[in-house]
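I have a structure here, written as structure tokens, and I will follow up with some questions on it.
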Amino acid sequence: MLIAFRLIAASCLGLLAVPVSGQDAYFLEPLRSEPLWVENLSPLAGLVALPSQRSARITPGLTIALHGAVANHWVSQDEAEESVFFDGETGRVTAAFEYGFSDANSFRLSVPWVSHSQGSLDGLINDWHALFGMSDGGRSHYPEDNFQYRYRRDEGEALLVQSASGLGDVRAEWNTALLQADSYAVSASVGYKFSTGDDPVWLGSGAGDVFTSLRFSGRHLSDLPLVWHGQLGYTYAGQSELLGAAQRRNLWRAGLSVDWQLGQHWSLLAQIDGHAGVVDSALGAIGNGPSVLLSLGTRYRLTSSWLVDVSFVEDIRVETAPDITFQATLRWQP
């Protein structure tokens, strides 16, 4: 399998191996280019290990990242045998610690704190829809800043009507470099999501998940100051009582990101992420087709060690992810 990964990666990324001048070296230093940290925080999809894109370049030493996101939900879908109703907000703050034993291997631990509540963004989103005459899916007919997560299926109902917060499901991941050059890198990882979140209040899935990823990063072929990142991944999800008997256990995910480096300090970033629906369902919000998210953001490099990202995420395949997610990430590397 490792040999196959190397051959595929070499064939696909060989075109990115362009000569690097001294003035370009800034853009190739570790951690100077990273994809946006994007995860689907939908009440059901957020239970499963669907890790964000990351750079394929492994950095020696300790790297720390602190990520915060607030996602607003409004979904109401009903079929004869099942229904979903999500009205509320999910917040997640994750601290990630990664130690590179060399530029070839690293270990990463991600510890999330999750909250579900009525939130405070409904009025802003309703005003936005009204200003541009956009369809709101019926959310304006309901009281603002209400809270209810409900998923009904044949065998029963999962319901959350009171705010909850606490430790989410912790993840551990081992990363290995497959190919490394000045202008591109390819790596693979394997990880495990532990069942540390309280599943009765939707802070975790109540089961462990195994996941693996293949990542690439590389400079644009031309002289444009662009760095590309991509990810292909697979998750084998443990059986969750919250997701029920129709849960999909085998999940794919994929993503592509571009970092347009405007200068020494600023970048603009655009990213698309997709993954399989987590439930075998006729409802589009949870499983009838993939989830697709579009993210736009900006990055500021405070120093050679500190980076700050601010971004927002939209559900371009409507209702398969939160209506909108606002987020920020702070990264530090010695």
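Derivation of every value follows stated rules applied to the coordinates shown; laboratory data play no part. A quick note: this is a predicted structure, and the numbers were derived from the prediction, not measured. Glycine gets a Cβ as well: all are built from the backbone with ideal geometry, and neighbour counts include every protein chain shown.
Going highest first, how would you order 275-283, 196-204 by mean Cβ packing within 10 Å?
On the way: 275-283: 21.0, 196-204: 19.3.
Peptide ranking by packing, descending: 275-283, 196-204.
Would you please state which residues of the range 218-244 a label at D103 would reach in this model, taking the label point 7 Å out along Cα→Cβ and a backbone N cut-off of under 18 Å?
It comes to 218-220, 228, nothing else.
Sort out for me the Cα centre separation of the range 263-334 from the range 197-213, rounded to whole Å.
With the range 263-334 and the range 197-213 each reduced to a Cα centre, they are spaced 20 Å.
Counting other C-beta atoms within 10 Å, which of V75, V258 has the fewest, and how do the rest follow?
Details: V75 25, V258 19.
Ranked by crowding around the Cβ, least crowded first: V258, V75.
Which distance in nm do the two modelled labels at R249 and L221 give, with both placed 7 Å along the Cα-to-Cβ direction?
4.3 nm
Using the per-residue mean of other Cβ atoms lying within 10 Å as a proxy for protection, in what order, highest first, do the peptides 186-192, 222-228 fall? Walk me through the numbers on the way to the answer.
Details: 186-192: 20.0, 222-228: 15.3.
With the highest mean Cβ count within 10 Å placed first, the list reads 186-192, 222-228.
Between V111 and V210, what is the label-to-label distance in nm when each label sits 7 Å out along the Cα-to-Cβ direction?
2.7 nm
By per-residue mean of other Cβ atoms within 10 Å, what is the highest-first order of 206-215, 98-107? Mind showing how you got there, number by number?
Numbers: 206-215: 19.8, 98-107: 15.8.
Per-residue mean Cβ counts within 10 Å order the peptides as 206-215, 98-107.
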